[in-house]
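**Q** Here it is: the structure, laid out below.
The values are calculated or read from the model by the stated rules, or taken from the named source; none is laboratory data. Just so we're clear, the structure is a prediction, and the values are computed from it rather than from any experiment. Cβ atoms come from the backbone with ideal geometry, glycine included; neighbour counts cover every protein chain shown. Areas reflect the complete protein model, heavy atoms only, side chains present, ligands, DNA and RNA absent. Shrake-Rupley method; radii C 1.70, N 1.55, O 1.52, S 1.80 Å.
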Amino acid sequence: MAIKHFLQFADFTLDEYTYLIERAKIIKHKFKNYEPHHPLLDRTLVMVFEKNSTRTRLSFEAGMHQLGGAAIYLNTRDSQLGRGEPVEDAAQVMSRMCDVIMIRTFGQDIIERFAANSRVPVINGLTNEYHPCQVFADIFTFIEHRGSIAGKTVAWVGDANNMLYSWLQAAEVFGFHVNVATPAGYDIDPALVAPSNQRYSVFKDPADACEAAHLVTTDVWTSMGYEEEKAARLKAFDGWMVDAPKMQRAQADALFMHCLPAHRGEEVSAEVIDGPQSVVWDEAENRLHVQKALLEYLVLGKL
Ligand code: CP
Ligand code: NVA
């Protein structure tokens, strides 16, 4: 049987997400009630980090332990990956010693080459192009608060980055619309969007993108790996902070999301991120629950 990987949001169908959402609800309920759930007893997750992380590491590592398995953390600094061992060789070796692998790295091509040489499922824990685990947690969070996301409008205010490209894929799968506002020079790369995708509109003005949205979301102005562009980005993003006037253009009950870590006073005002419409802590927590469902599914299939 072909191994299933989760390298980008479009890798799963709506049926699979519907199943995973139901599993995540059950798994979350068990977690909240201290009910043991150990379907991955004696299984091992290897986590490879080539960029920093708090939430991704913690949610995968804690999640794997809670499922009865073990998680091993490797980073570029002190593994042979940092000394030029080919990705293909690393994949061959690692996948003979564990049951599932999560990678956070730079180019999507790296994780694809890794997966092509892996005997076990590979999960994208963030690349330059995509962050599918986060967007899955965000959609789960939206559904918990507001019900179905189909037919709704999500406003994206920020650069075209890994989060946006994953939101655009999710819009096609779940049938919602994304209003995209990116500053000039930081706009969508058509090569990263399926030509079939009709689920988004582009706006010049970030406030216009928020108009009547059910969810407003943003992200750091400088993603990991782009640090040398920080000064230029600070200039280009002047006026792009998600603040109360922009939220007022959205639906009265619109939610605010941010994958975190956040910079108050840059991409979002403190008033918004710490205000009543913000669900950022739920988003972060839900990484744990949806990824446990994902690990269970990739290792064991549908239960
Ligand atoms: N949102 C997210 O992926 O956070 P970390 O970078 O802390 O893992
Ligand atoms: N777009 C951000 C997300 C961090 C979780 C980055 O890639 O740094």
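**Q** Between residue 205 and residue 264, 0.36 nm times their residue separation minus their Cα-Cα distance comes to what?
**A** Going from the current span to full extension adds 19.2 nm.
**Q** Considering the Cα trace of the range 121-185, what is its radius of gyration and what is Dmax, both in angstroms?
**A** 12.1, 38
**Q** Using 0.36 nm per residue of separation minus the Cα-Cα distance, give me the extension gain between residue 78 and residue 106 in nm, one decimal.
**A** So the extension gain works out to 8.4 nm.
**Q** Does a label point 7 Å from the Cα of residue 33, set along Cα-to-beta-carbon, have any residues of the range 42-82 with amide nitrogen under 19 Å, and which are they?
**A** What the label zone holds, given the 19 Å backbone N cut-off, is 66-68.
**Q** Volume per residue, Å³, of the convex hull around the alpha-carbon atoms of the range 178-289?
**A** Here the figure is 129 Å³ per residue.
**Q** Give me the accessible area per residue for the chain, probe 1.4 Å, as a whole number in Å².
**A** In whole numbers, the chain has 43 Å² accessible per residue.
**Q** Here is a follow-up. Please give, to one decimal in nm, the separation of the simple spin-label points placed at residue 232 and residue 52, each 7 Å out from Cα toward the Cβ.
**A** Taking the simple label geometry, residue 232 and residue 52 are separated by 2.2 nm.
**Q** Magnitude of the Cβ-charge dipole of the chain, K/R +1 and D/E -1, about the Cα centre, nearest 20 debye?
**A** Roughly 740 debye for the chain.
**Q** On to the next question. Taking the Cα centre of the range 1-157 as origin, sum charge times position over the Cβ atoms of Lys and Arg (+1) and Asp and Glu (-1), and report the length of that vector in debye to the nearest 20.
**A** The dipole magnitude comes to about 460 debye.
**Q** Something else: As I understand it, the value is the acute angle between the Cα axis of helix 132-146 and the longest principal axis of the Cα atoms of the chain; what does it come to in degrees, rounded to 10?
**A** Helix 132-146 sits roughly 60 degrees off the main axis of the chain.
**Q** Normalising by the residue count of the range 154-252, find the relative contact order in percent from Cα pairs under 8 Å and 6+ residues apart.
**A** Worked out over the range 154-252, it gives 35 percent.
**Q** Also, quick follow-up: Given the C-alpha centroids of the range 110-149 and the range 206-248, what is the distance between them in whole angstrom?
**A** Value for the Cα centre distance between the two parts: 22 Å.
**Q** Next question, about the same structure. At R0 = 45 Å, how high is the FRET efficiency between residue 281 and residue 3 if r is their beta carbon distance? Nearest 0.05 is fine.
**A** 0.85
**Q** May I ask which residue of 79, 21, 180 lies farthest towards the positive end of the charge dipole of the chain, with charges of +1 (Lys, Arg) and -1 (Asp, Glu) on Cβ and the Cα centre as origin?
**A** It is 21.
**Q** Calculate how steeply helix 14-32 sits against the longest principal axis of the alpha-carbon atoms of the chain, using the helix alpha-carbon long axis, and give the answer as 0 to 90 degrees to the nearest 10.
**A** 80
**Q** Using Cα atoms only, what is the angle between the long axis of helix 162-174 and the major principal axis of the chain, expressed in degrees (0 to 90) to the nearest 10?
**A** Value to nearest ten degrees: 90.
**Q** Compute log10 of I(q)/I(0) for the chain with the Debye formula, placing one identical point scatterer on every Cα and leaving out solvent, at q = 0.07, 0.12, 0.13, 0.16 Å⁻¹, to two decimals.
**A** Here log10 of I(q) over I(0) equals -0.26, -0.77, -0.91, -1.34.
**Q** Tell me, what does the Kirkwood hydrodynamic radius of the range 1-147 come to in angstroms if you use every pair of distinct C-alpha atoms?
**A** Answer for the range 1-147: a Kirkwood hydrodynamic radius of 16.1 Å.
**Q** Can you run phi through the Karplus equation (6.51, -1.76, 1.60; θ = phi - 60°) for the range 206-222 and list ³J(HN,Hα) in whole Hz, with x for Gly and Pro?
**A** So the Karplus estimates, Gly and Pro as x, are x, 5, 5, 5, 7, 3, 6, 6, 8, 8, 10, 9, 9, 7, 3, 6, 10 Hz.
**Q** Measure off, as a whole percent, the carbon and sulfur share of the 1.4 Å-probe accessible area of the chain, all protein chains present.
**A** About 52 percent, which is the carbon plus sulfur part of the accessible surface.
**Q** Determine which residues of the range 263-278 fall in the zone a paramagnetic label at residue 252 would reach in this model, i.e. backbone nitrogen under 18 Å from the point 7 Å along Cα→Cβ.
**A** Under cut-off, by backbone N: 276-278.
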